[in-house]
Amino acid sequence: MATNNAINVSAAGLVKYDGAGTFTGVTVTQYNTLVGAASNGISSIAPSATSGVPLVSGGSSSNPAYGTAVVAGGGTGATSFSTDGVVISNTTSTGVLAALSLSSGQLVIGGTGAPAAATLTAGTGVSITNGNNSITLSASGGGLTWTVVTGTSQAAAGNSGYIANNAGTVTVTLPSTSAVGTVVAVTGMNNATGWQLAQNAGNQIFFGTSSTTSGTGGYLASTNIYDTVYVLCVTANANWVVTGSVGNITVH
């Protein structure tokens with residue numbers, strides 16, 4: 001009875017047996033990965049020259065290979081991203097991930113399609129200052145900006161007040177365009193003949209149950225030096241309502 005067996009194989013490495021009495025040597029290369037081959041064989045797969053690259057499945061009928069892991073396998077599907085970008089998904093569930101670059105003050109904002117890099121939009125009474133890694137929101141308004149009028153006429157700006165300071169009548173004309181919520185105020189100071197709050201075409205001012213003539217012919221007027229009125233736009237570019245007054249205001 002033999003105590004040792006001998007296999008006459010001259011190749012270095014592993015030995016493959018074909019099940020029919022034949023042994024074959026299989027060369028093994030250092031650092032390679034061994035996978036099953038046809039006819040119960042063995043294949044040797046060389047790694048990527050780039051460190052950290054994973055072995056990725058080639059499916060049920062192909063050898064795996066070192067490469068980029070796809071999203072379906074828990075990877076990104078990408079080999080590089082933009083510097084300092086934000087990674088977002090693609091338009092499909094298995095699409096390659098992408099890096100969205102951001103500039104100062106930008107955020108990733110969603111939409112009906114892909115998200116986009118964009119800055120915030122300031123609304124009424126808010127100002128926005130974008131800086132490096134910063135967004136500063138500031139509340140503006142909260143009161144009227146007052147101007148002393150030393151001439152005889154003044155085109156009013158929204159959310160502004162005017163102090164009539166001329167020996168003659170000072171005419172302040174409502175803004176030609178005005179959003180709902182816009183406020184204009186007029187008062188007097190050392191003004192013997194007072195002030196008028198005039199209208200543009202299409203304007204009308206409502207004071208309680210009274211109202212001015214519609215259009216450029218209508219106005220409010222003071223009776224005494226320190227008479228004051230506040231009007232609020234309630235219909236864009238058209239109707240105004242008196243929300244506060246001091247003195248005897250004439251409605252014409």
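Nothing in this text is a laboratory measurement; each read-out follows from the coordinates by a stated rule. Just so it is clear, the model here is predicted, and its values are computed rather than measured. Note: ideal-geometry Cβ built from the backbone for every residue, glycine included; neighbour counts use all protein chains shown.
Data overview
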item: Candidates Y230, Y17, Y162: whichever shows maximal mean-square fluctuation once the chain is modelled as a Gaussian network with Cα springs under 10 Å; result: Y17
item: Rounded Å value of the spacing that divides the Cα centres of region 65-130 and region 155-214; result: 50 Å
item: Order of D84, D227 - criterion: other Cβ atoms within 10 Å of each residue's Cβ, fewest first; result: D84, D227
item: Most to least packed among 233-244, 59-70 [average Cβ atoms within 10 Å]; result: 233-244, 59-70
item: When region 145-251 is reduced to its Cα atoms, the Kirkwood hydrodynamic radius in Å; result: 13.2 Å
item: The chain - Debye-derived log10 I(q)/I(0), Cα point model, q = 0.09, 0.10, 0.14 Å⁻¹; result: -0.67, -0.74, -0.97
item: Of T136, T83, T50, the one that fluctuates the most in a GNM where the chain has Cα springs shorter than 10 Å; result: T50
item: Relative contact order [Cα under 8 Å, 6+ residues apart], region 126-205, whole percent; result: 24 percent
item: Relative contact order computed over the chain (Cα-Cα under 8 Å; 6+ residues apart), in percent; result: 8 percent
item: Semi-axis lengths (Å, descending) of the ellipsoid that matches the C-alpha gyration tensor of region 37-178; result: 68, 14, 8
item: Rg/Rg_ref, region 14-67, where Rg_ref = 2.2 N^0.38 Å and atoms are Cα; result: 1.31
